Amino acid sequence: KTGMIAVFIADMTDSVYVSSSHTILRELHSRGFYPLLTVAEMGLELCRREWLQNKIEGLILCGTTREMNAGFFEYLKKQEIVPVIAGCAFRDPDNPAIQLPKASTVSLDNYAGMQLAVGHLIQQKRKKIAHITGPLWHADAYERKSAYIEIIQEYHEPVIKDLVPEQPLWKSGYIAAAELLQAGRGVDAIISYGD
């Protein structure tokens, strides 16, 4: 046993992932483990090499990336690396249904979150609530969009704007919001996938 646990951050610009990883790193160290920090910006192949070179026993994923399909989790299993997904359930980008690998997962109740968001805006007398999606290979984005569609139908037809592909999330969100507001559809509130 090496006591090495890798922590992978899927998006260094996401304040939730960064904050979570800070807590995880502190807790690992206090419990006698040796944390190894890896980030998506390194590229998944370089991360894999780091994990193998350092003989990690476990891997805490603070979010997932598009490359983390079912084959990725099979690779971890063959290498005897135990994964834990923190912050986002896994959704295979090649399969429309959400599929969890054999990994422990700590994630949000996206349906309850969407109920709270819509309920708050309805209390604020908002009449036309739009939704800007996240990358739909991301389970949270997929679940939030599905929840929005189901919940909002009690009030009006869904108004959905998907992200512009191949753009940073913040820029894609900005473009989507501008397009929603310019479309003249009477939108007076927007629930966005993320920041």
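Descriptive notes on the structure:
- The chain, accessible surface, carbon-and-sulfur percent (1.4 angstrom probe): 53
- Candidates G87, G113, G173, ranked by Gaussian network fluctuation over the chain, Cα under 10 Å, top entry: G113
- Long-range Cα-Cα pairs in the chain (distance over 22 Å), rounded percent: 52
- On a per residue basis, the chain carries 57 Å² of accessible surface, using protein heavy atoms and a 1.4 Å probe.
- Using a Förster distance of 25 Å, the FRET efficiency for L136-T2 (Cβ separation, nearest 0.05): 0.10
- Full extension of the chain segment joining L37 with T13 gains 7.1 nm, where the gain is 0.36 nm per residue of separation less the Cα-Cα distance.
- One decimal place: the segment K171-R26 gains 49.0 nm when fully extended, by the rule 0.36 nm per residue minus the C-alpha distance.
- Each Lys and Arg Cβ is given +1 and each Asp and Glu Cβ -1; about its Cα centre, the range 103-191 then shows a dipole of about 340 debye.
- E154 paired with E80, simple spin-label distance in nm, labels 7 Å along Cα-to-beta-carbon: 5.2
- With a Cα cut-off of under 27 Å and a minimum spacing of 8 residues unless on different chains, the lysine pairs in the chain number 21.
The values are calculated or read from the model by the stated rules, or taken from the named source; none is laboratory data. Being a predicted model, the structure only gives us computed values, none of them experimental. Backbone-built Cβ (ideal geometry, glycine too); neighbour counts: all protein chains shown. Please note that ligands, DNA and RNA were not included when accessible areas were found on the heavy atoms of the full protein model with its side chains. Shrake-Rupley method; radii C 1.70, N 1.55, O 1.52, S 1.80 Å.
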